[in-house]
Each structure stands twice: as structure tokens, then as C-alpha cells.
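Here the structure is laid out as C-alpha cells; the discussion comes afterwards.
The values are calculated or read from the model by the stated rules, or taken from the named source; none is laboratory data. On a predicted model such as this, the values are computed, not experimentally measured, just so you know. So basically every Cβ, Gly included, is an ideal-geometry build from the backbone, and we count neighbours across all protein chains shown.
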Amino acid sequence: MSLAQLLARQMAWAGDRPRRDHVLNRLEDNLFMPLHPATWADFACGSGDELGLRGQTPKMSSLRSSSAFACNVFDPWRGSRLGAITHALGFADDYSELVFEQKLPHGLTTTPPNLDVMFFGRDVSPIAIECKFAEPYDKPKAATPIADKYFDQDVGRWAKVGLPRVQRFAEEIGRSASFARLNAAQLVKHLLGYATTFPNARPIDLVYFWYDTGGAEAAEHDAEVAAFASHLDPAVHFASITFQQLLPRLDRALEPRNGYAAYLTERYLNSPGS
């Protein structure tokens, strides 16, 4: 399935909901349920203006929005027991807090990384989740090197927080290490922010959660994800999980809201009219 086909399926799902091209007129129409008040507050404080609070159209209103995708999958669990979703992600059920747009200071004065989703609990490392929906299927473009400001120390920033392999990898991105569908630079910056903000957290749990279209472009993206994983330090527990893998793992008897699994299935798995 190409990007055009993916967006066509989303527009078919949208039906008669008022929209302009792939952008819905009402943010609520792009979501399974209204955002939890704490989630709204998280996005209001985030760096991406996903809610359009600065006078622009909310980015989350787009049918190709990864933030809407993340909210539809994870926000219904806020205020519920998180064990079912963390277990489906491959972790224990010791997590009690779910946060969106978590800022992770990385030691620079510029805007720190914002993690799409994070789970926190007692005596466990936080789970950081980066979510991608349509982005991997945009026109491929060569990765650019990470900005020089990340390498302005005699001791590398990643090496300083215990990630020497990631340090070398960060220096190679856009040079000897080429990525066209995976934003490898974003992920290594997330790792820097995580290791700087939570210096005692081991392992560093990073989940890359993405939508698999099942086509050649998805296979190219998946190969780049595997290449990325090969450059990481042992301290990093990196997991690539697709939406198509996650949904069957969820126990429908424990769904956080009535209709949750049915909505996700209809919205993201079923072909229009099926």
C-alpha cells in the first residue's frame, strides 16, 4: 500500500465528516474519544502545537497525523490500569502513569526532544515510545548530518551518558550511515534526552511504534529500523513494534473503553466497505 492508498483509505473511513482534503474540520472527528484532560494539557505544553493553540489548524486534525494515531491507541488507557497495554508492548505491568509529549532535556539550550508517549512506574525504567503513521511513506530523502552543536564537547554527549556506540553512530548519520525512510537522527536525540534526564535508568527502554502498510516501502523502512538497532549500546533496549503486531496482543476483555478495539480495527485495518 502506497502513501496515496493509505490516505485514500483514511479519507474513505472519514466518510461525511467535514474536511478539507485530508484535514478534518473538527479535531474530535479524528479521535476515538475526546482527549483526556491531562493529555490535552500535555499537548498544550508540547513543542509541536498539535492542538492549534497558536492560531493554526491543529496538526492532530490531519488523517495522516501520527499524534492522532498515538492518541487513538494510547490515550484511552489513561486513567485505566496500564498492565494490559504495557504487557502487549512486551513489558511488565508495573507501570502506573502515562504521559504524552514528555520533554527530555538533553544538555543543550535548544528545544529538548519531546517523546510521543512515556510510561512510568516504581522501580522500573520508563518506557519511551516514538510513534509513526504516514511519515515513513513520504518521498524518501537522504538523512542530513546531525547539527554541529551536538558535537561541541571534548567528551561526546552520548558517550558522557554511557552510550559510546550511539556516539559513534550519531557522528555517522548523514555521512557514512544513510537513512531515507527512518528518522535515525531523531531517535538518537531521543536516546540522548532519555539518558540525560534519567541517568540511572537501565535499561534505556525505547519502543518504535509504527504502521506497516505491507508494501515495498514498508520493507525498506523495516530494514532501516533493523540497521538502526545494530548501532545501539547494550544499555539500550530497543523494540520495533507495528500496530498490526500490537492490536492482536491486546486482550479485548480488558479494553480501556467500550468500542476501543473495534474502532482501531475499522479505522486502521479494515478496507473501506469491508
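At a glance:
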item: First in segment 254-268 and of a type in the set (Gly, Ala, Ser), second anywhere and part of a helix (DSSP H, G or I) and surrounded by fewer than 16 Cβ atoms within 10 Å (Cβ to Cβ), Cβ under 7 Å, 6 or more apart; result: Ala261/Arg252
item: Which listed residue is part of a helix (DSSP H, G or I), of a type outside the set (Phe, Trp, Tyr), under 19 Å from Arg78 (Cβ atoms) and more than 16 Å from the chain's Cα centre (by Cα), from Leu264, Leu246; result: Leu264
item: Positions within segment 90-105 being surrounded by fewer than 21 Cβ atoms within 10 Å (Cβ to Cβ) and aliphatic (A, V, I, L, M), in sequence order; result: Ala92, Val99
item: Check on Leu246, within 15 Å of His87 (Cβ to Cβ) and surrounded by 14 or more Cβ atoms within 10 Å (Cβ to Cβ); result: yes
item: Checking Ile85 against (1) surrounded by 14 or more Cβ atoms within 10 Å (Cβ to Cβ); (2) assigned to a loop (DSSP other than H, G, I, E, B), the condition it does not meet; result: (2)
item: So Pro145, is it modelled with pLDDT under 95 and within 20 Å of the chain's Cα centre (by Cα); result: no
item: Spans of helices (runs of 4 or more DSSP H) in segment 134-216 with at least 3 residues touching a Pro at 6+ places or on another chain (Cβ under 8 Å) and closer than 24 Å to Ala68 by Cβ; result: 184-197
item: Condition broken by Phe169, with the remaining ones in (1) aromatic (Phe, Trp, Tyr); (2) within 18 Å of Thr242 (Cβ to Cβ); (3) in contact (Cβ under 8 Å) with a residue 60 or more places away in the chain satisfied; result: (2)
item: Qualifying residue in segment 33-52 (condition: among the charged types (D, E, K, R) and at pLDDT 95 or above); result: no
item: Close pairs (8 angstrom Cβ cut-off, 6 or more residues apart or separate chains): closer than 30 Å to Asp138 by Cα and in contact (Cβ under 8 Å) with a residue 24 or more places away in the chain in segment 183-199, part of a helix (DSSP H, G or I) and β-branched (Val, Ile, Thr) anywhere; result: Val188/Val166; Leu191/Val166; Leu192/Val166
item: Qualifying residue in segment 44-58 (condition: under 30 Å from Pro248 (Cβ atoms) and in contact with a Cys (Cβ under 8 Å, 6 or more places away or on another chain)); result: no
item: Filtered residue count, segment 213-235, keeping only those that are under 17 Å from the mean Cα position of the chain (by Cα) and of a type outside the set (Gly, Ala, Ser); result: 6
item: Residue among Ala134, Ala88 that is at pLDDT 90 or above and under 20 Å from Pro248 (Cα atoms); result: Ala88
item: Checking Ile204 against (1) closer than 25 Å to Trp77 by Cα; (2) over 19 Å from the mean Cα position of the chain (by Cα), the condition it does not meet; result: (2)
item: Restricting segment 106-115 to residues that are assigned to a loop (DSSP other than H, G, I, E, B) and either touching a Gly at 6+ places or on another chain (Cβ under 9 Å) or of a type in the set (Asp, Glu) (or both), the residue that is surrounded by the fewest Cβ atoms within 10 Å (Cβ to Cβ); result: Gly107
item: Matching residues, segment 86-103, being in contact (Cβ under 8 Å) with a residue 24 or more places away in the chain and either within 16 Å of Gly259 (Cα to Cα) or among the charged types (D, E, K, R) (or both); result: Asp94, Glu97, Glu101, Lys103
item: Members of segment 47-57 found to be within 14 Å of Ala68 (Cα to Cα) and either in contact (Cβ under 8 Å) with a residue 60 or more places away in the chain or outside any loop (DSSP other than H, G, I, E, B) (or both), listed by number; result: Gly48
item: Some residue of segment 82-94 being among the polar types (S, T, N, Q) and out of contact with any Lys or Arg (no Cβ under 9 Å at 6 or more places or on another chain); result: yes
